[in-house]
Structure formats: structure tokens, C-alpha cells
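The values are calculated or read from the model by the stated rules, or taken from the named source; none is laboratory data. Remember, predicted model here, so these are calculated numbers, not experimental data. When we count neighbours, we look across all protein chains shown, and the Cβ atoms used for this are built from the backbone with ideal geometry, even at glycine. Surface accessibility is based on the protein's heavy atoms, side chains included, excluding ligands, DNA and RNA. Shrake-Rupley method; radii C 1.70, N 1.55, O 1.52, S 1.80 Å.
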Amino acid sequence: MPVLVQNVPAGQPFQREAHDLMRLNDRERQAIAQAAHECLPPGTRVRLFGSRLDDRRRGGDIDLLVEPPYTLGAEEQVAQRTRFVARLYRLMGERRVDVLMVPACEPDARPVVQAARRDGQLLAQVPQ
């Protein structure tokens, strides 16, 4: 396992970069960003959450929270999610990917959404 080296002044805590906190390689991160830019509406944020944020764990599916900036109709939401997941499969191969799609403008009390919003690491934001 590679060792992460960082010059830290005495008395200061070691800070890891956000991309070091997730078990995704560069190709996977780039594929997720590319699929988001190609398939999701402007202003959409994509966050990684779940077991892939824990370096001590192995394997696991890729859990993504997709937050469009506005509420989508049911048919449009299904179509966008389907296009996004299909594009991810074409770019990354058939990895296990779970996509939770929740508009950023809407509160959601489900524990999984609360945890994803609180702990998730931003992977992509589609430009406005």
C-alpha cells in the first residue's frame, strides 16, 4: 500500500485531500464526472458516499448521491438516472453502482439521504 507523505508544520494535524478519502481510482472519478456532464442537468452535484469513503473496508459498490438543482418529474428522473447509469457502465464496465437521485432543493428525512449529504464527497458538479 503506498504511503501518503505530506509536509505538516509541527503541532498541526495531518490533512488528507478529499480524493484520498475515497476508494476510487482516477479513471473511475473521471468516468463519473464525464457521465454527469453528459447526462445530467446543469447545476447537478454528484457525491460519493457509503463504504467507498472508508479506507479500512474492501470492495463494496459505488454509492452516488445525484442532486439536480430542481425537482424533476417522475418520468424525467427515471430517464436521467437510466442514461447516467448506462453511461457509467459504458465508461467503467459493469461495476455495482447505486444511484440515489434527490433534488438539492428538497429536504429529505431518510437516513441514507441525510448521511449522504452530511458525509458524501463531491465528485462532480455540472456547470450551469
key: Cut-off under 5 Å, modelled amide H: who pairs with M101 long-range   = V66
message = Could you derive backbone 3J(HN,Hα) for region 81-89 from the dihedral phi with the Karplus parameters 6.51, -1.76 and 1.60 (θ = phi - 60°), listing whole Hz in sequence and x where the residue is Gly or Pro?
response = 4, 4, 4, 4, 5, 4, 5, 4, 4
request  = Under 13 Å from the Cβ of A104, count the other residues' Cβ atoms, weight Lys and Arg +1, Asp and Glu -1, and hand me the total.
outcome  = 0
task = Collect residues whose amide H, placed 1.01 Å from N in the peptide plane, falls under 5 Å from the amide H of I62; neighbours closer than 5 in sequence don't count.
result = R96, V97, D98
query = Rounded to the nearest whole Å², what accessible area per residue is found for region 82-128 with the 1.4 Å probe?
reply = 62
message = Quick check: from the Cα gyration tensor, does region 59-128 come out rounded (a/c under 1.5), prolate or oblate?
response = oblate
ask   = Karplus couplings for region 121-128 from phi (6.51 cos²θ - 1.76 cosθ + 1.60, θ = phi - 60°), rounded to Hz, Gly and Pro as x?
value = 9, 5, 9, 7, 9, 6, x, 5
message = If you take every residue apart from L91 with its C-beta less than 14 Å away from the C-beta of L91, what net charge results, scoring Lys and Arg +1 and Asp and Glu -1?
response = +2
inquiry  = If packing is taken as the average number of other Cβ atoms within 10 Å across a peptide's residues, how do 65-71, 94-100 rank, most packed first?
reply    = 65-71, 94-100
